[in-house]
């Protein structure tokens, strides 16, 4: 992989991480189109995810500082409760990450990856469409129960093609939570899992050039592209959720899913 291919993949990751269209699915489609082969797909994908996590931290820096202060307060408060809910939501993805890491990496390298991505994109489209037609009674805040259910949705989105932000935002909305609250919770709940996975891979030496099959320059280029585009996409997506325009993403995912399945069948 050369630096320009890495930058293109970084742009794809940054753009699709926050849009409910599946960043992992689009990364696999982009790799197929570019003809890119990476020895360790998961390590490279985690690198790009780490860049979008950094962009999330920049966008929500004020909220993160406030939550950190509240969490380390000596008295129970709303900010402490919010952080505890985020920690609760992380349990399912943590279990999936530790238990099925090798299987997920094998799936990313599978010859049938485009078929899997296509099917999961169609499932994403269904979830997003449901939020357009089903309007439950609104709630004042995300409960601990809802936080765990949203966490289960995030764990399911480990499947390539099933949008993480789409699954978590759609699940939160279907549970009756407010659009703005769900969007912020969805973006914040992924921070620690990605940071933790990145740290573990660095400590395990999995980001060595010999392991990933990608040069340092390309790795940096992909990271920077993912960060810059991710920052812009994050701010854009917050506004889209507020305006309730997720149905258009549902239509896009349906088209992308069908296209991916057709491409797989004819090749």
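The values are calculated or read from the model by the stated rules, or taken from the named source; none is laboratory data. Just so you know, these numbers come straight off a predicted model, no measurement behind them. Note that each Cβ is placed from the backbone with ideal geometry, even for glycine, and that neighbours are counted across all protein chains shown.
Could you identify the single residue in 86, 93 that is assigned to a helix (DSSP H, G or I), over 18 Å from residue 234 (Cα atoms) and within 14 Å of the chain's Cα centre (by Cα)?
93
Mind listing whichever residues of the range 59-93 are closer than 30 Å to residue 217 by Cα and surrounded by 14 or more Cβ atoms within 10 Å (Cβ to Cβ)? Listed by number, the residues that qualify are 59, 60.
Taking the range 159-189, which residues are assigned to a loop (DSSP other than H, G, I, E, B) and under 13 Å from the mean Cα position of the chain (by Cα)?
Result: 159, 160, 161, 162, 163, 189.
Hey, does the range 152-170 have a residue that's over 30 Å from residue 135 (Cβ atoms) and either in contact with a strand residue (DSSP E or B) (Cβ under 9 Å, 6 or more places away or on another chain) or at pLDDT below 80 (or both)? No - not one qualifying residue is present in the range 152-170.
For the structure I just gave you, tell me whether residue 126 is under 15 Å from residue 181 (Cβ atoms) and part of a helix (DSSP H, G or I). No.
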